[in-house]
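To keep things clear, I will list the structure first and then write my remarks on it.
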Amino acid sequence: MQLREIAHARTGDKGNLVNIALIAYDPAKFELLRRVVSARRVHEWFGSLVAGEVVRYELPRLGALNFVFARATGGVTNSLVLDGHGKSLGFLLLDMPVDDTSMRHAGT
């Protein structure tokens, strides 16, 4: 299963600073997102696209996690390629696989 099956993403970028909000479709899935989508795992998922730190902020009342990437490649002001903008990174995050055993333990 991929994250896109339980969440959607909103993104923004300024230069090489990118943020991606990962928002559960169903608030009951927020705990699953909190448990399986860590800042470390997101940083590993993006690999060389993020040269700096990834920080995760939790927004439980919104059922969302917000990830801020420092020194991400492909920011608007340092790219001549439209696809390199931060918005495409949100779609890349939604491709991240989620372990089905995590879903069963979350009561789903």
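The values are calculated or read from the model by the stated rules, or taken from the named source; none is laboratory data. It should be emphasised that the depicted structure is a prediction, and the values quoted were computed from it without experimental measurement. Positions of Cβ are backbone-derived with ideal geometry, glycine not excepted, and every protein chain shown enters the neighbour counts.
With the structure loaded, tell me whether residue 66 is polar (S, T, N, Q) and at pLDDT 75 or above or whether it fails that test.
Judged against the criteria, residue 66 is a match.
What number of residues in the stretch 34-53 are within 10 Å of the chain's Cα centre (by Cα) and either closer than 16 Å to residue 92 by Cβ or surrounded by 16 or more Cβ atoms within 10 Å (Cβ to Cβ) (or both)?
Within the stretch 34-53, residues that are within 10 Å of the chain's Cα centre (by Cα) and either closer than 16 Å to residue 92 by Cβ or surrounded by 16 or more Cβ atoms within 10 Å (Cβ to Cβ) (or both) number 7.
How many of the residues in the stretch 13-50 are touching a residue at least 24 places away in the same chain (Cβ under 8 Å) and hydroxyl-bearing (Ser, Thr, Tyr)?
Residues in the stretch 13-50 being touching a residue at least 24 places away in the same chain (Cβ under 8 Å) and hydroxyl-bearing (Ser, Thr, Tyr): 1 in total.
Residues are listed down the side, and each one gets a yes or a no for (1) in contact with a Phe, Trp or Tyr (Cβ under 9 Å, 6 or more places away or on another chain); (2) among the charged types (D, E, K, R); (3) modelled with pLDDT of 90 or more; (4) buried (at least 20 other Cβ atoms within 10 Å of the Cβ):
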| position | (1), (2), (3), (4) |
| --- | --- |
| 3 | no, no, yes, yes |
| 7 | yes, no, yes, yes |
| 14 | no, yes, no, no |
| 25 | no, no, yes, no |
| 61 | no, yes, yes, no |
| 87 | no, yes, no, no |
| 95 | yes, yes, no, no |
